[in-house]
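The structure appears right after this line, and notes come after that.
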Amino acid sequence: MSFDAFGLDPLILKAVAEEGYTEPTPIQAQAIPVVLQGGDVMGAAQTGTGKTAGFTLPILQLLAPHQNVSPSPARHPVRALILLPTRELALQVAESVATYGRHMQIRSTCVFGGVDIGPQLKIVRAGVEILIATPGRLLDHVEHKSVNLGQVQILVLDEADRMLDMGFMPDIKRIIGLLPAQRQNLLFSATFSDEIKRLAGGILRNPKVIEVARRNATADKVRQVAYAVAADEKRALLKHLVETRDIRQAIVFCNTKLGTARLARHLEREGLKAEAIHGDKSQLERIAALDKFKAGEAHLLVATDVAARGLDIQEMPCVINYELPHSPEDYVHRIGRTGRAGAEGDAISFFSADEERYLIDIEKLIKVKIERAAARGFEPVADEPHFHAGRRERSRGRFDRESPSRHTRNVKTEKVDPWFLKPYEEGTAPTSAPPAKANEPAPPATPARKAGVGALLGGLAKKP
Ligand code: AMP
C-alpha cells in the first residue's frame with residue numbers, strides 16, 4: 001500500500017515523500033481513511049507507531065479547503081485542537097504538524113505551561129487553524145481570551161491515558177464544554193483502561209476502534225538483562241555497571257519523583273554526570289536538563305515515566321530500569337527508547353526481591369524470558385541480602401577484584417548468596433552463561449542453587 005491510495009492532497013504527499021515515508025504504518029493505514037470520512041477513532045497506539053501522521057495527515061486534508069493567506073485572525077480560527085499531557089509531547093506533535101503541512105497555507109502552533117504566556121498570546125491571537133496544547137495552558141489562553149474554541153471541528157486527545165494519570169480530567173472536561181457539540185473526535189491511548197473507556201464513552205460517537213500491535217519491545221536488537229540486587233545495593237551496582245560497561249549515555253528510570261531526585265544527586269556526588277527530570281521540576285529546569293543530556297554534558301538522565309514520556313530521546317544506546325515499573329506496559333515504553341531504527345540497544349533492569357513479581361509480569365506481557373545477569377567484579381556491600389529468608393549477612397569488599405583472598409575468606413561466612421549474582425537458569429539444570437559483553441567476560445555457569453526458581457520464572461511463553 002502507498003500513501004497515494006488515500007487521495008491526499010499532493011502538497012501533503014509531497015511532504016510525506018520528503019520525509020522518506022514510502023508506505024503507511026499499520027495505524028496510518030487504518031486511521032487515515034476513517035478520519036478522512038469524518039469518523040471518530042479510538043486508537044490504541046503508542047509513540048513510535050506513526051500515530052502522529054495517522055491523525056495529522058487526514059486533519060491537514062480535511063482543513064485543506066480552509067487554506068488562506070489573509071492576515072485577518074478571523075480567517076484563521078482554531079479548527080483542529082490537539083491535546084497532549086506534556087510540553088515535550090506537544091512540541092513533538094507540533095513539529096510533525098509543521099513538517100507534514102509545510103507546503104500548505106495552514107497555520108499551527110503549540111502552547112504549553114511553565115513558560116511565559118506572553119509570546120504565545122501574540123501568536124494565538126493572530127489566528128491558527130491547528131492548535132496543539134497542554135490542557136492547563138490552553139485554559140490559561142481561554143481566560144486571556146486569546147483563543148476561541150467555538151469553531152473546532154476536530155478534537156484529538158493524544159496520550160489520553162497519561163492525561164488521566166496526570167490529573168487532567170477536570171481540565172479536559174472544561175475544554176470539551178467549550179467546543180461545538182458537533183465535531184470529530186480522535187482519542188489515542190497506550191492502553192484502554194476502564195477509565196479511558198469511560199472517558200471515550202462520554203466523548204466519542206460510534207468510534208472505530210483501532211488497535212495496532214504493540215511494537216515488539218523485545219526486538220532482536222535490544223539486549224535485555226536483569227540483575228537481582230538488594231534495593232540498597234542498586235546505587236553501587238549502577239555506578240559499577242556505568243564504569244565497567246562504559247555506558248556513555250543512558251536514561252535511568254525510577255518510579256518516584258523523590259527517588260529520581262535523590263538518585264541523580266547521589267550519582268553527582270559519586271562523580272557521575274547525571275541530570276534528573278521529574279514532575280516537580282519546572283519546565284525550564286527540564287529543558288535545561290534535557291539540553292545538557294543531548295549535548296553530552298550529562299551522561300545519565302534520571303527520569304520518571306511521566307516526565308520521560310514526551311522526551312524526544314529516540315535512540316538511546318542504553319535504558320536502565322533502576323526500579324521496575326509496576327505496570328508492565330511502562331517497561332515496554334521505557335525500553336522502546338532503545339534499539340530503534342535498526343540500532344542496537346541495551347535494556348538493563350535491576351530488581352530487588354520485592355520487585356521480582358513485576359519482572360514476572362513483564363515477562364508475561366512481552367512473552368520473553370529476560371536473561372538474568374551477574375555483574376562481574378561487583379560484590380554487594382550492604383547487609384541486606386534480601387533474597388535470604390530470615391538471614392542477614394554482611395558482605396565486604398565491594399568491587400574487590402584486587403583482593404581475592406579476602407573475598408575467598410569471606411565466602412563461607414559472609415558472602416551474599418551467590419544465586420544473586422549468577423545468570424538466569426531454568427529449573428535446576430545448569431545453563432550456559434549469558435553472552436559476554438566485550439569488556440565483561442561471562443561468568444561461569446553454575447548449577448541452580450535454589451530449586452523452584454525455574455518454576456517460578458518458567459511457564460512463560462517461549463521466545464519465538
Ligand atoms: P510517532 O509514533 O508518530 O511518534 O512516529 C514515530 C516515528 O515514525 C517518527 O519519527 C516518524 O517520523 C516516523 N514515521 C511515521 N510514519 C512513518 C512512515 N509511514 N514510514 C516511516 N516512518 C514513519
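Keeping to the range 134-191, report how many residues are of a type in the set (Val, Ile, Thr) and not in a helix (DSSP H, G or I).
Taking the range 134-191 and keeping what is of a type in the set (Val, Ile, Thr), we get 134, 142, 147, 152, 154, 156, 172, 175-176, 191.
Adding the requirement that they be not in a helix (DSSP H, G or I) leaves 134, 147, 152, 154, 156, 191.
Qualifying residue count for the region: 6.
Check the range 237-244 and report whether any residue there is in contact (Cβ under 8 Å) with a residue 40 or more places away in the chain, closer than 25 Å to Glu363 by Cβ and surrounded by fewer than 18 Cβ atoms within 10 Å (Cβ to Cβ).
Taking every residue of the range 237-244 in turn, none turns out to be in contact (Cβ under 8 Å) with a residue 40 or more places away in the chain, closer than 25 Å to Glu363 by Cβ and surrounded by fewer than 18 Cβ atoms within 10 Å (Cβ to Cβ).
Of everything in the range 245-264, what is surrounded by fewer than 20 Cβ atoms within 10 Å (Cβ to Cβ) and either of a type outside the set (Lys, Arg) or free of Cβ contacts under 8 Å to residues at least 24 places away in the same chain (or both)? Give them in sequence order. Before you say what the answer is, go through the steps one by one.
Kept after step one, since they are surrounded by fewer than 20 Cβ atoms within 10 Å (Cβ to Cβ), are these residues of the range 245-264: 245-249, 255-259, 261-262.
Asp246, Ile247, Gln249, Asn255, Thr256, Leu258, Gly259, Ala261, Arg262, listed by residue number.
Regarding Ala64, is this residue farther than 16 Å from Leu155 by Cβ, within 14 Å of the ligand (Cβ to nearest atom), of a type in the set (A, V, I, L, M) and touching a residue at least 40 places away in the same chain (Cβ under 8 Å)? If you could, list the steps in order and put the result at the bottom.
On the way: farther than 16 Å from Leu155 by Cβ: yes; within 14 Å of the ligand (Cβ to nearest atom): no; of a type in the set (A, V, I, L, M): yes; touching a residue at least 40 places away in the same chain (Cβ under 8 Å): yes.
Spelling it out, it is not the case that Ala64 is farther than 16 Å from Leu155 by Cβ, within 14 Å of the ligand (Cβ to nearest atom), of a type in the set (A, V, I, L, M) and touching a residue at least 40 places away in the same chain (Cβ under 8 Å).
Is there any pair with a first residue in the range 285-308 that is touching a residue at least 60 places away in the same chain (Cβ under 8 Å) and a second that is of a type in the set (Gly, Ala, Ser) and part of a helix (DSSP H, G or I) whose Cβ atoms are under 9 Å apart and which are 6 or more apart or on different chains, and what are they?
Between residues of the range 285-308 that are touching a residue at least 60 places away in the same chain (Cβ under 8 Å) and residues that are of a type in the set (Gly, Ala, Ser) and part of a helix (DSSP H, G or I), the close pairs are Arg286/Ala307.
Does the range 132-143 contain at least one residue that is at pLDDT 95 or above, farther than 25 Å from Ile287 by Cα, more than 16 Å from the ligand (Cβ to nearest atom) and not charged (D, E, K, R)? Steps first, answer last, please.
First pass over the range 132-143, keeping only residues at pLDDT 95 or above: 132-143.
Now restrict to residues that are farther than 25 Å from Ile287 by Cα: 142-143.
Next, only the ones that are more than 16 Å from the ligand (Cβ to nearest atom) stay: 142-143.
Those still in the list that are not charged (D, E, K, R) too: 142.
Scanning the range 132-143, I find at least one residue that is at pLDDT 95 or above, farther than 25 Å from Ile287 by Cα, more than 16 Å from the ligand (Cβ to nearest atom) and not charged (D, E, K, R), so the answer is yes.
With the checklist (1) within 16 Å of the ligand (Cβ to nearest atom); (2) in a loop (DSSP other than H, G, I, E, B); (3) over 27 Å from Pro135 (Cα atoms) in hand, flag the one item Val69 doesn't pass.
Every listed condition holds for Val69 apart from (1).
Which condition from (1) modelled with pLDDT of 95 or more; (2) in contact with a strand residue (DSSP E or B) (Cβ under 7 Å, 6 or more places away or on another chain); (3) closer than 24 Å to Pro180 by Cα is the one that Gly101 breaks?
Checking Gly101 against (1) modelled with pLDDT of 95 or more; (2) in contact with a strand residue (DSSP E or B) (Cβ under 7 Å, 6 or more places away or on another chain); (3) closer than 24 Å to Pro180 by Cα, the one that fails is (3).
Modelled with pLDDT under 95, within 14 Å of the ligand (Cβ to nearest atom) and surrounded by 16 or more Cβ atoms within 10 Å (Cβ to Cβ), is that true of Glu88?
Values: modelled with pLDDT under 95: yes; within 14 Å of the ligand (Cβ to nearest atom): yes; surrounded by 16 or more Cβ atoms within 10 Å (Cβ to Cβ): yes.
Yes; evaluated as a whole, the condition is true for this residue.
Identify, please: which residue in the range 98-116 is touching a Leu at 6+ places or on another chain (Cβ under 8 Å) and among the hydrophobic types (A, V, I, L, M, F, W, C) and is, among those, nearest to the ligand (Cβ to nearest atom)?
If we filter the range 98-116 for residues that are touching a Leu at 6+ places or on another chain (Cβ under 8 Å), which is where we start, we get 100-101, 103-104, 106, 108-112, 114-115.
Next, only the ones that are among the hydrophobic types (A, V, I, L, M, F, W, C) stay: 104, 106, 110-112, 115.
Details: Met104: 18, Ile106: 19, Cys110: 15, Val111: 20, Phe112: 17, Val115: 23 Å.
Here the answer is Cys110.
Among the listed residues Ile82, Ile59, identify the single one that is assigned to a helix (DSSP H, G or I), under 27 Å from the mean Cα position of the chain (by Cα) and under 28 Å from Leu164 (Cβ atoms).
Details: Ile82 fails: assigned to a helix (DSSP H, G or I).
The unique qualifying residue is Ile59.
Name the single residue, out of those in the range 34-55 being touching a Gly at 6+ places or on another chain (Cβ under 9 Å) and assigned to a helix (DSSP H, G or I), that is farthest from Gln182 (Cα to Cα).
Ranking the candidates gives Lys51 first.
Can you name every residue in the range 173-199 that is in contact (Cβ under 8 Å) with a residue 40 or more places away in the chain, surrounded by fewer than 20 Cβ atoms within 10 Å (Cβ to Cβ) and over 22 Å from the mean Cα position of the chain (by Cα)?
Leu179, Asn185
Step by step: first the residues of the range 19-44, then only those that are within 23 Å of the chain's Cα centre (by Cα) and more than 9 Å from the ligand (Cβ to nearest atom), then the one that is surrounded by the fewest Cβ atoms within 10 Å (Cβ to Cβ). Which residue is that?
For the range 19-44, the residue satisfying everything is Pro26.
Among (1) of a type in the set (Gly, Ala, Ser); (2) over 27 Å from Leu149 (Cα atoms); (3) within 8 Å of the ligand (Cβ to nearest atom), where does Ser2 come up short?
Going through (1) of a type in the set (Gly, Ala, Ser); (2) over 27 Å from Leu149 (Cα atoms); (3) within 8 Å of the ligand (Cβ to nearest atom) one by one, Ser2 breaks only (3).
Looking at Leu241, Leu258, Leu284, which one is in contact with a Gly (Cβ under 8 Å, 6 or more places away or on another chain) and assigned to a helix (DSSP H, G or I)?
Working: Leu241 fails: in contact with a Gly (Cβ under 8 Å, 6 or more places away or on another chain); Leu258 fails: in contact with a Gly (Cβ under 8 Å, 6 or more places away or on another chain).
That would be Leu284, the only listed residue that is in contact with a Gly (Cβ under 8 Å, 6 or more places away or on another chain) and assigned to a helix (DSSP H, G or I).
Checking Ala74 against (1) surrounded by fewer than 24 Cβ atoms within 10 Å (Cβ to Cβ); (2) within 16 Å of the ligand (Cβ to nearest atom); (3) not charged (D, E, K, R), which test does it fail?
Evaluating Ala74 over (1) surrounded by fewer than 24 Cβ atoms within 10 Å (Cβ to Cβ); (2) within 16 Å of the ligand (Cβ to nearest atom); (3) not charged (D, E, K, R) leaves (2) as the failure.
The values are calculated or read from the model by the stated rules, or taken from the named source; none is laboratory data. Since we're looking at a predicted model, the values are computed, not measured. Glycine gets a Cβ as well: all are built from the backbone with ideal geometry, and neighbour counts include every protein chain shown.
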